[in-house]
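Here is the structure we will look at.
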Amino acid sequence: MIRVARISDAHELLIMRKNLFDDCTDEELQKEINENFRGNCHPYFKDLMTFVYEQPNGRLGAFIDVSIVEVSEVIDNYNNCYEIYDGKGLLYVPRIEAWYVNEDLRGKKIGKELIMKAEAWAIEKGCNIILSDTDTYREVSKLAHQALGYKIVNIFQEKQLIVFIKHLLL
């Protein structure tokens, strides 16, 4: 079952985040989780939501963080510019910040369900595109994004980062 994360999920979220962000300390990850639940997320986030997959046994098996972030512009491979303004001249776009499925649950469409939930959240916010990214060495993530309709916008070799965009149907 996909649902919104609760504060009681913090410990299991920490375990999954450690698997995804192996270059971060437990303290850094726990601080981020705590700040997110308090609504004190990164200053460039306009909004942030965490959805989790709860297994039938009550344990968590996956999560996705999706945000609305301020950017100057988004340009896809076809040189089309997509803009979402808040009326004050700022550009806000939804972005998948983190997406993780426990290894024993991969291949069971749970990741797809989480992506669909994040996209539905973005559509509810009135957005018609969504961004995501992954490290260049995460081939499984790259293939999963592409299988779900995400197109590569850019590859930043110096940052080892692939940036994706997907057009959403409103």
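The values are calculated or read from the model by the stated rules, or taken from the named source; none is laboratory data. Not measured: the values here are computed from a predicted model. Heads up, the Cβs are rebuilt from the backbone with ideal geometry, glycines too, and the neighbour counts pull from every protein chain shown. Calculation scope for accessible area: heavy atoms of the full protein, side chains included, ligands and nucleic acids excluded. Shrake-Rupley method; radii C 1.70, N 1.55, O 1.52, S 1.80 Å.
Exposure check, 1.4 Å probe, all protein chains in place: E27 carries approximately 130 Å² of accessible surface. Take F156: with every protein chain present and a 1.4 Å probe, its accessible area is about 70 Å².
Note on N19 and K159: the model spin-label points, each 7 Å out from Cα along the C-beta direction, lie 2.7 nm apart. Projecting label points 7 angstrom from Cα along Cα→Cβ for V4 and K108 puts them 2.6 nm apart. With a Förster radius of 35 Å applied to the beta-carbon distance between L169 and T136, the computed FRET efficiency rounds to 0.75. Rounded to the nearest 10 Å², what accessible area does D104 have for a 1.4 Å probe in the complete protein model? D104 exposes around 110 Å² with every protein chain in place. Spin-label model, Q146/K46: points 7 Å from Cα along the beta carbon direction are separated by 3.1 nm.
With a Förster radius of 30 Å applied to the beta-carbon distance between M116 and K31, the computed FRET efficiency rounds to 0.50.
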